[in-house]
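What follows is calculated from the coordinates using simple rules that are stated; it is not laboratory data. The shown structure was predicted, so the numbers you read here are calculated from the model rather than taken from an experiment. Don't worry about glycine lacking a Cβ; one is built from the backbone with ideal geometry, like all the others, and counts go over all protein chains shown.
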Amino acid sequence: MSSGSESEIADDASVAAESHHELSFLRKYVFSMDHKVIGIQFYLTAAVMGLLGAALAGLIRIQLTWPTTPLPLLEKIFPVAYAGGFMSPEFYTSLVTMHGTIMIFFFVSLGLVSGFGNYLIPLMVGARDMAFPVLNMLSYWTIVPAILVAASSFFVEGGAAASGWTAYPPLSAVPSASPGSGTGQTLWLIAVALFIVSFTMGGLNYVTTIFNLRAKGMKLMRMPLTIWSLLIASIIGLLAFPPLTAAAVLLLLDRHMGTSFYLPEGLYIAGELLPNGGGSPLLWQHLFWFLGHPEVYVLILPALGITFDVLVTFARRPAFGYRITVWCLVAIAGLSMVVWGHHMFASGMNPLVGEFFSIGTLLITIPSTVIGVNMIASLWGGKLRLTSAALFAIGTICFFGVGGFGGLFLGNAAADIQLHDTAFVVGHFHFMIGGVTFLALLSGSYYWFPKMFGRMLNETLGKLHFWLTVVPFYGIFGTMHFYGMAGAPRRYYNLTQYGFLDSVNTWMPLVTTLFAVAMMVGQAFFLVNLAKTLMAKKNAPDNPWGATTLEWVASSPPPHGNWGPDAPVVHRGPYEYGNPDSEEDCVHQTVPAEQVPAHS
Amino acid sequence: MASDLALPDTEPLTFLGMSWRKVMMWIFIVTDGLLFAGFLASYGFARAAATTWPDQNEVFHLWFISLMTFVLISSSATMATAVAAAKRSDRQTVSKMLAATFVGGVLFLGMQAFEWSTLFAEGVTLVSNPWNVPAFGNYFFTITGFHGTHVLSGVVILGIVLARTRRGTATMEGVELAGLYWHFVDLVWVFVFTLFYLV
């Protein structure tokens, strides 16, 4: 809209920041325009959605482990989905679809990018709020209906969408193709469209805030790596999401207006010839993965940035190769936009095209490896303090390595054709988009919890949480790699009928499920920790970890407007640990250069 | 210009000489451009795969489309004049030129409605057409329709900025941002025009 209304609104917000007058409860905690409240809203929403996604995963595990055992208890809870004590195949495909959708869009993205992004960007660059607070508030209040629409799809006729989180046509384009292809698929598309709208509003704010609202002295090359990674992730998200919007519009038209964008001629559904013709289901795959692949990096990059910030604080060493890391993040982002075809090696593409996408994908390993090595080198010779946050950060490096090795196999067209659509792929992407991001989310949670809520999380429970997350995670998804190599396809609801899997079926699904139970127990420690801490008195000092970046100058939690009367002024880079001119082991970004010479 | 959110103690930064509003508008335009890129790339994909495609000379009245294009491009010129006048704080010219741009936008939408209804009358619809190439109608109506909704929202924005200019509450930057969006909508039309009517 025109800028007049924006400036009036911006004026309102700056008046609020100046005078700190008391707002009503509704304006302060519900329809808040304060980036910190919005960040916490996103964070807590993500936590709830994470639990929901985990519950769906639990049902998937039960089905894969005991597909032929009647489950009367579940029949009582879900009388339709478990009619006769056995899960219906349609419900199973809905489960994998919604588990993926919820975890990617409404858990990891909301927690890492929207949650930490909103909370940290203004604080770490020294701004009082986001550039456009109203848009920021709208971004949260667009996600709420998106989640309600997605969740409601379980209760419509035919159940939730069942074509996978990738929504491949014709299953997703023909409402009569499967029970979940009906209303459930339409609701899925609406939910994803609302998510994109919300992400766009958030992303516009993140990028402009980082570009235009930095504190005095906060040069781009003095920004913490968390901010760099959020900036680059927001940019690739803004570039990659619009084509998916276009794809979703075309899919909606195919579903409801009788067009044939994705429907070829001569398609039979339930024995009936469809009237459509002239389209191609491959078009959707191209458009979807043009988003889908960069989306992986939208989620992975902030995880890497957060890991760096946590590692340096607990190793008391500057981040190794700060500049190189920034450029590697940029390189990964650039390459991520041109490798979408590696998800489509099995679609019958020209081998030369496949070669292009293979080479592009393998090129990504170069900047990724540099970042991985930089993370490890940041620990070299450090005085490590193994707090929960640091443990989770180190775990992130491990998962990044393991996931990356799996990626080498899948990025290679020849190996991928064997492994495509097997449990190997499921194991691989859970280490990357699931594990790296989840551990970084938890690492950031332990690290910034004192800032966000003014209280320190319990370390003993935190360490139990760590070991009961990382070890079971290897158990679950490591096993899946081998299950996939044995030939187990993904998204099949009953794998007992394939003789070639008999030898592994006796133990692999069960082992995976037992590890999953252990991991759920681990997360219970976190929930107990959260509840206990939130009920305790506020006890966090402003800078509990002795970190150097700007957010630790503000009080814990920071007031509305973040900085009181004087905004911080930045005199040096983000990681001046072991500055030879200082007696302290670290020099905060706000310490003037006249006091301690700046080295970055 | 209206004051920024930043308090007086932080200097408002510019990025490449632009305020945050303009930066945000540019990024939005890039994302919106990629939306059309998605549509047009899909259209290219379908054209490449299609064995036959209707002859444009047979489907369209090209002189009429050229007139539509002329109207829209002229409205870009009046918009540019309005922005230049806003920089000189020449309120009267801004008001006149915005009104001319507004009229141009409405005229374009009217002509597009006329074109669509003519096509409907000839049996060319979203799902079927006399040449039996469903992809043609699929893409033509979806993409020109999406462009039309962008023109419509542009017209609404122009209306708001025009009303503000009359009341004296518009800002120079407000006019400029509306102008950026309007030029973008026109630029998209140049691509749509080329790819549907000429190629």
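With the cut-off at 29 Å, tell me which of the pairs A:36/A:532; A:463/A:538; A:216/A:532; A:28/A:463; A:28/A:219; A:36/A:537 have Cα atoms farther apart than that. Write down the numbers at each step before the final one.
Numbers: A:36/A:532 22 Å; A:463/A:538 22 Å; A:216/A:532 39 Å; A:28/A:463 34 Å; A:28/A:219 32 Å; A:36/A:537 20 Å.
Cα-Cα > 29 Å for A:216/A:532; A:28/A:463; A:28/A:219; rest within.
Any idea what the relative contact order of segment B:20-198 is, in percent, if you count C-alpha pairs under 8 Å spaced at least 6 apart?
Values: 145 pairs, mean separation 54.3, N = 179.
Computed over segment B:20-198, the figure is 30 percent.
Output ³J(HN,Hα) for segment A:515-524: one whole-Hz value per residue in order, computed from phi by the Karplus curve 6.51 cos²θ - 1.76 cosθ + 1.60 with θ = phi - 60°, and x for Gly and Pro.
5, 5, 4, 4, 5, 5, 4, x, 5, 4
On a 0 to 90 degree scale, rounded to 10, what angle separates helix A:459-473 from the longest Cα axis of chain A?
30
So, counting K/R as plus one and D/E as minus one, what does the shell of residues with Cβ under 11 Å around residue A:425 add up to?
Working: positive: A:490, A:491; negative: A:416, A:421.
Local net charge: 0.
Give me the dipole magnitude in Debye, nearest 20, for the protein assembly as shown about the Cα centre, with unit charges on the beta carbon: positive for Lys and Arg, negative for Asp and Glu. Please list the in-between numbers first.
Values: 35 positive and 42 negative charges, 232 e Å.
Here the protein assembly as shown has a charge dipole of around 1120 debye.
Please compute the net charge surrounding residue A:279, taking Lys and Arg as +1 and Asp and Glu as -1 over other residues with Cβ under 15 Å from its Cβ.
Values: positive: A:255, B:47; negative: A:254, A:265.
So the surrounding residues net to 0.
Which one of B:70, B:34, B:82 has its Cα pushed farthest toward the positive end of the charge dipole of segment B:20-198, where Lys and Arg give +1 and Asp and Glu give -1 at the Cβ?
It is B:82, whose Cα lies furthest towards the positive end.
Calculate how steeply helix A:225-256 sits against the longest principal axis of the alpha-carbon atoms of chain A, using the helix alpha-carbon long axis, and give the answer as 0 to 90 degrees to the nearest 10.
30
Can you give me the relative contact order of segment A:301-527 as a percent, contacts being Cα pairs under 8 Å and 6 or more apart?
Numbers: 283 pairs, mean separation 51.2, N = 227.
Computed over segment A:301-527, the figure is 23 percent.
By how many nm would the segment from residue A:521 to residue A:383 lengthen if fully extended, with 0.36 nm per residue of separation less the alpha-carbon distance?
Details: separation 138, 0.36 × 138 = 49.68 nm, distance 3.15 nm.
Additional length available on full extension: 46.5 nm.
Counting alpha carbon pairs within less than 8 Å and at least 6 residues apart, what relative contact order, in whole percent, applies to chain A? Before the final figure, lay out each step's value.
Working: 1014 pairs, mean separation 86.7, N = 600.
Rounded, it is 14 percent for chain A.
Pull up all non-local amide H partners of residue A:126: gap of 5 or more, or a different chain, and H-to-H distance under 5 Å with H placed in the peptide plane.
Under 5 Å from the amide H of residue A:126: A:215.
Tell me, what is the FRET efficiency for residue B:49 and residue A:594 to the nearest 0.05, using R0 = 56 angstrom and their Cβ-Cβ distance as r? Please report the intermediate quantities before stating the final value.
On the way: r = 68 Å, r/R0 = 1.21.
According to the calculation, E is roughly 0.25.
Which semi-axis lengths, in whole Å and largest first, follow from the square roots of five times the eigenvalues of the Cα gyration tensor of segment A:317-367?
Sorted largest first and rounded, they come to 30, 8, 7 Å.
Can you tell me the convex hull volume per residue for the protein assembly as shown, based on C-alpha atoms, in Å³ to the nearest whole number?
In the protein assembly as shown, the Cα convex hull volume per residue is 168 Å³.
How far is helix A:437-453 tilted off the main Cα axis of chain A, in degrees rounded to 10, range 0 to 90?
The answer is roughly 40 degrees.
If you take the charge dipole of chain A about its Cα centre, with +1 on Lys and Arg Cβ and -1 on Asp and Glu Cβ, which of A:99, A:227, A:507 is farthest toward its positive end?
It is A:507.
Would you kindly state how much longer the chain becomes between residue A:350 and residue A:503 on full extension, computed as 0.36 nm times their sequence separation minus their alpha carbon distance, in nm to one decimal?
Numbers: separation 153, 0.36 × 153 = 55.08 nm, distance 3.63 nm.
Value of the extension gain: 51.4 nm.
For segment B:97-110, take each phi angle, set θ = phi - 60°, evaluate the Karplus expression 6.51 cos²θ - 1.76 cosθ + 1.60, and give the result in whole Hz per residue in order, putting x for glycine and proline.
Using θ = phi - 60°, the values come out as 5, 4, 4, 4, 5, 4, 4, x, x, 5, 4, 4, 4, x Hz.
Counting just the Cα atoms, what span does segment A:301-527 cover along each of its three principal axes? Round to the nearest Å and put the largest first.
53, 41, 29
Show that you can apply the helix-only estimate: for the protein assembly as shown, add -39,500 (n - 2.57) for every DSSP H stretch of four or more residues, divide by all residues, and state [θ] at 222 nm to the nearest 500.
Numbers: 25 runs with 492 residues, N = 799.
Theoretical 222 nm ellipticity from helices: -21000 deg cm²/dmol.
Net charge near residue A:174, counting Lys/Arg +1 and Asp/Glu -1 over other residues with Cβ under 12 Å of its Cβ? If you can, show how the numbers build up before the last one.
Working: positive: A:255; negative: A:254, A:272.
Net charge around residue A:174: -1.
If you place +1 on the Cβ of every Lys and Arg and -1 on the Cβ of every Asp and Glu, how big does the dipole about the Cα centre of segment B:20-198 come out, in debye to the nearest 20?
Details: 10 positive and 9 negative charges, 185 e Å.
Dipole about the Cα centre, nearest 20: 900 debye.
Quick one: length gained pulling residue A:421 to residue A:539 fully straight, 0.36 nm per residue minus the C-alpha distance? Show your work: numbers first, answer last.
Working: separation 118, 0.36 × 118 = 42.48 nm, distance 4.95 nm.
Length difference between fully extended and current span is 37.5 nm.
Please report, in debye to the nearest 20, how large the charge dipole of segment A:301-527 is about its Cα centre when each Lys and Arg carries +1 at its beta carbon and each Asp and Glu carries -1 there.
Numbers: 10 positive and 6 negative charges, 180 e Å.
It works out to roughly 860 debye.
Taking a cut-off of 25 Å between Cα atoms, list the lysines near residue B:87, but don't count ones fewer than 8 places away on the same chain.
Here the lysines satisfying the reach criterion relative to residue B:87 are B:22, B:96.
Report, by chain and number, residues whose modeled amide H sits under 5 Å from the one on residue A:586, excluding near sequence neighbours (fewer than 5 apart, same chain).
A:578
Order of B:146, A:525 from fewest to most other C-beta atoms within 10 Å? Could you put the intermediate results ahead of the total?
Values: B:146 16, A:525 20.
Fewest to most other Cβ atoms nearby, the residues stand as B:146, A:525.
Starting from the 7 Å offset along Cα-to-Cβ, what nm value, one decimal, do you get for the label separation of residue A:76 and residue B:91?
The modelled label-to-label distance comes out at 7.5 nm.
What per residue convex hull volume, in Å³, comes out for segment A:537-600 when only alpha-carbon positions are used? The partial results should precede the final answer.
Values: hull volume 5.6 nm³, N = 64.
With only Cα atoms used, segment A:537-600 gives 87 Å³ per residue.
Which of the listed residues, A:553, A:574, A:600, is farthest toward the dipole's positive end in segment A:537-600, when Lys, Arg count +1 and Asp, Glu count -1 at the beta-carbon?
A:553
For segment B:71-199, build the convex hull from the C-alpha positions and give me its volume per residue in Å³. It would help to have the intermediate numbers written out before the result.
Working: hull volume 11.2 nm³, N = 129.
Taking the convex hull of the Cα positions in segment B:71-199, it is 87 Å³ per residue.
Can you list the residues, at least 5 places off or on another chain, whose amide H is less than 5 Å from the amide H of residue A:269, using H built in the peptide plane?
For residue A:269, whose amide H was placed from the backbone, the distant partners under 5 Å are A:274.
Taking the Cα centroid of segment A:523-600 and of segment A:233-270, what is the distance between the two, rounded to the nearest whole Å?
46
Would you mind classifying segment B:1-148 by shape? Square roots of the alpha carbon gyration tensor eigenvalues, ordered a ≥ b ≥ c; an a/c under 1.5 is rounded, otherwise it is prolate if a/b is larger than b/c and oblate if not.
Judged from the Cα gyration tensor, segment B:1-148 comes out oblate (a/c at least 1.5, b/c at or above a/b).
Give the Kirkwood hydrodynamic radius (Å, one decimal) of segment A:172-296, defined as one over the mean of 1/r across all pairs of different Cα atoms. Present the calculation step by step, with values, prior to reporting the outcome.
Details: mean 1/r = 0.0596 Å⁻¹.
Every distinct Cα pair counted, the radius reaches 16.8 Å.
In nanometres, what is the gap between the two model label sites at residue B:56 and residue A:373, each 7 Å from Cα along Cα-to-Cβ?
In this crude label model, residue B:56 to residue A:373 measures out at 5.3 nm.
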